[in-house]
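Structure first, then comments.
The values are calculated or read from the model by the stated rules, or taken from the named source; none is laboratory data. All of these numbers come straight from a predicted model, not from anything done at the bench. All Cβ positions, even for glycine, are placed from backbone atoms using ideal geometry, and neighbour counts span all protein chains on display. Areas reflect the complete protein model, heavy atoms only, side chains present, ligands, DNA and RNA absent. Shrake-Rupley method; radii C 1.70, N 1.55, O 1.52, S 1.80 Å.
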Amino acid sequence: MQKITQRDKKILIVLAAVIVLFVYCQFVLLPSLKSISQSKSAINDLELKENQMEMTKLQNLTMKKKLKKITDEYNDSQSKLPINERNPEIEYDIQNIAANSKVTVSSMIFGDVKLFDGFSSDKNEQIESNNSKKNGDLMQIPVNISVVGNDEDSVMSFLKSIESTNRISEIDNANIILNSDDSQNKKFTLSVTVSYFYIVSKDKNNVQYNFGSGN
């Protein structure tokens, strides 16, 4: 039997080491690397989904803010130029303004509704138009108001407040009368006609009144 030389031993050791290294790489290292790669890929996917969720959350918050702004603007426009008459709101606002101005409403009379046409002076044409109101028509309703106050400042405060309400209105005429020359029992009477405006809508279902937003 041929004796194994020192050189052959070194070769066998190297071959054995290569075989062990190959087995280790094939069955241990490569699966571990593959598992690590898959884990990194899963982590990246999760991070991407998380970023997308954060982006969606921010977009939702932005949309909510925009929706609130649009809703507020819509509600504000509705209070300025409402759909349909909403006369109870007018009466409530007038009584509220009177209380704040320390005057008493002695009378409040709603006049006949008419189609607003600021560019036409033909009354016959206007009366004819009133008989066929259409969706979207701009209507005008005059309200004759009479208030009594103990001093001129209070009735003037009422008049200024009427002019500055949120709802679009127009003062047609105003007159202040001093009822007594007696300095102890002075009473000032303000008679004013205010025209309020609204948009015609045939759909009058579910009308919800918003009291207290006119000032």
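A few comments on the model shown:
- Each residue in the stretch 153-186 was checked for being at pLDDT below 90 and over 25 Å from Leu81 (Cα atoms), and 9 pass.
- Failed criterion for Ser157 (all others in (1) in a helix (DSSP H, G or I); (2) more than 35 Å from the chain's Cα centre (by Cα) hold): (2)
- Evaluation of Lys102 against (1) without any contact (Cβ under 8 Å) to a residue 40 or more places away in the chain; (2) over 20 Å from the mean Cα position of the chain (by Cα); (3) open to solvent by 90 Å² or more (accessible area, probe 1.4 Å) (one fails), failing number: (1)
- Per-region count, the stretch 39-51, residues open to solvent by less than 100 Å² (accessible area, probe 1.4 Å) and not β-branched (Val, Ile, Thr): 8
- Residue within the stretch 22-33 that is open to solvent by 100 Å² or more (accessible area, probe 1.4 Å), in a helix (DSSP H, G or I) and either on the phi > 0 side of the Ramachandran plot or not aromatic (Phe, Trp, Tyr) (or both) present: no
- Qualifying residue in the stretch 69-82 (condition: of a type outside the set (D, E, K, R), open to solvent by 100 Å² or more (accessible area, probe 1.4 Å) and farther than 30 Å from Ile199 by Cα): no
- Close Cβ contacts (under 8 Å, 6 or more residues apart or on different chains) running from residues in the stretch 155-175 that are under 18 Å from Gln78 (Cβ atoms) to residues that are crowded, with 19+ Cβ neighbours inside 10 Å and of a type in the set (Val, Ile, Thr) comprise Thr165/Ile97; Arg167/Ile90; Ser169/Ile162; Ser169/Val194.
- Residue that is farthest from Ser169 (Cα to Cα) [pool: residues in the stretch 114-143 that are of a type in the set (Asp, Glu) and at pLDDT 65 or above]: Asp137
- Taken over the stretch 14-52, the residue count meeting the criterion of being among the charged types (D, E, K, R) and within 44 Å of the chain's Cα centre (by Cα) is 4.
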